[in-house]
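Data block below; observations after.
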Amino acid sequence: MKYFLLFVTALLIAFQKVTQDRYNAKCSSGAFFFSGMISFFAMCFFIVVNRNWTWSIELLLPALGFGLSYAAATVFVVMAIKCGSLAKTALIMSYSLLVPAFAGLIILHEQLGITMIVGLVLLVVSLWLTNYRKENGEQTKERVSLKWVIFLIIGFVGNGMCSTVQKLTPHFLGDDINQNLYMIMALGFSAVVLIAASFITRETDLKSTLRVGMPLALLCGVFNGGVNYLAIFLNRLIAASVMFPVLAAGEIILIFPYSLLVRKEKFTFAQWIGFIIGVLAVILLNL
């Protein structure tokens, strides 16, 4: 049963990317507002499933940390997908597992194994292969948007910090910490920040964003809430060295058919090899 739930979690992660991509295909603005709606609906998911409403002040710190990280990850992944390859964005975002991995090395004093060293080497090779294509008999670097790189870096750090907060919170505050409640606080905080940012920057046409984005944000928010809820549950049943590599690799594998069949993205043989090496890198980096 636990491995079936792990597959469901990976599927929900892929569905999030698909709904974000569909929003970008239908609407050219409103990334902050759309991301704020996702946060709101993810918060509603946790309100529905939560059964323990015992509050303590120690929940504020992980709620703030997760909320800020979640806001950065959600909005900038949407913006990265808008101006770059969905498959490449999904692949590189899976590397955000490096953030909690290094947090474990530095803060929790976990050992650096040979598999992590090999994984880092494969990571470099994967990034090189996925960003090069052969044209007219010569190997030339594929044009990469600077905006895509910037958005990807911010989303990468935000997504990595979400996992880091979830990993370190029980270590510092105890295994009995009310994780569902601090997730409600974090997602509510994220929703307020993102919606406020949308009005401050005036980046959205409210009427069209609500019309187009509301159904997709509802789906994405439920998917995201499900991912986080299942991750909290499965953390007690499956070792992190199994769980996170499977989720990361599963996301890449599940998003590929959509990228090929719907987005009509074209990949060279070298890029295919790069994606496969990337999956191996993610697995090795978490063993």
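Hey, got the dipole for the range 1-111? About the Cα centre, +1 on K and R Cβ, -1 on D and E Cβ, debye to the nearest 20? Value, rounded to 20: 400 debye.
Spacing of the modelled spin labels on ILE150 and THR115, each 7 Å from Cα toward Cβ, amounts to 3.8 nm.
With N counted as the residues of the range 1-83, its alpha-carbon radius of gyration over 2.2 N^0.38 Å works out to 1.29.
For LEU60, the solvent-accessible surface computed with a 1.4 Å probe is close to 80 Å², ligands and nucleic acids excluded.
Multiplying the residue separation of LEU260 and ARG236 by 0.36 nm and removing their Cα-Cα distance gives an extension gain of 5.1 nm.
Among GLY30, MET116, VAL279, which residue has its Cα positioned farthest towards the positive end of the charge dipole of the chain, with +1 placed on the Cβ of Lys and Arg, -1 on the Cβ of Asp and Glu, and the dipole taken about the Cα centre? In the chain, that residue is GLY30.
Would the range 143-257 count as rounded, prolate or oblate if I go by the C-alpha gyration tensor, calling it rounded below 1.5 in a/c and otherwise prolate when a/b exceeds b/c, oblate otherwise? Prolate, since a/c reaches 1.5 and a/b exceeds b/c. Projecting the Cα atoms of ILE184, LEU218, TYR229 onto the dipole axis of the range 144-262, where Lys and Arg carry +1 and Asp and Glu carry -1 at the beta carbon, places LEU218 farthest toward the positive end. Over the range 31-133, accessible surface divided per residue gives 42 Å², non-protein components excluded, 1.4 Å probe. Helix screen, the chain: DSSP H segments with Cα axial length of 18 Å or more and mean Kyte-Doolittle hydropathy at least 1.6 are 31-49, 60-82, 114-130, 179-201, 240-261, 269-285.
Within straight-line reach of LYS17, meaning a Cα separation under 25 Å, sit the following lysines at least 8 residues removed in sequence or on another chain: LYS2, LYS26, LYS82, LYS88, LYS147, LYS167, LYS207, LYS264, LYS266.
Using the Cα gyration tensor of the chain, with a ≥ b ≥ c the square roots of its eigenvalues, what is the shape: rounded (a/c below 1.5), prolate (a/b larger than b/c) or oblate (neither)?
It comes out oblate by the Cα gyration axes.
A Förster distance of 41 Å, applied to the separation of the beta-carbon atoms of ASP175 and MET214, puts the FRET efficiency at 0.65. For the chain, the share of accessible area belonging to carbon and sulfur comes to 70 percent (1.4 Å probe, ligands and nucleic acids excluded).
The values are calculated or read from the model by the stated rules, or taken from the named source; none is laboratory data. Note that the coordinates shown come from a computational prediction; the quantities given were computed from them, not determined experimentally. Here the Cβ is made from the backbone with ideal geometry for all residues, glycine too, and neighbour counts use every protein chain on show. Heads up: the accessible areas ignore ligands, DNA and RNA and are worked out on the full protein's heavy atoms, side chains in. Shrake-Rupley method; radii C 1.70, N 1.55, O 1.52, S 1.80 Å.
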